[in-house]
């Protein structure tokens, strides 16, 4: 049941990502006038949409990684590559699945 719920959340976030992308394109191309885009409100709106775009991408990546950790056999190749490219200077102590320290 938990996997189904996680998959639903992933689908919801992916849908939100699509919607945010569509809003971004629409506002750059035709919804806002040039004067509106240059106004304080337009600039703040543009900044907020940009932030949403970055944040939704981070949320999506995190959910996909959690899904991979839940299904290690299905994502075995991906997880092996992920561990291979792990930054040795990064602190993974809070990670669900920290890379093994082969050097110890």
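Taken together, the values in this text are just the output of simple stated rules run on the coordinates, not laboratory data. For clarity, every value in this text was computed on a predicted model and none was experimentally measured. Every residue, glycine as well, gets a Cβ built from its backbone with ideal geometry; the counts of neighbours run over all protein chains shown.
Being touching a residue at least 60 places away in the same chain (Cβ under 8 Å) and within 24 Å of residue 7 (Cβ to Cβ) holds for only one residue in 82, 66, and it is 66. Could you please give the count of residues in segment 4-35 that are touching a helix residue (DSSP H, G or I) at 6+ places or on another chain (Cβ under 6 Å) and loosely packed, with under 14 Cβ neighbours inside 10 Å? So the count comes out to 0. With respect to (1) more than 16 Å from the chain's Cα centre (by Cα); (2) in contact (Cβ under 8 Å) with a residue 12 or more places away in the chain, the lone exception for residue 53 is condition (1).
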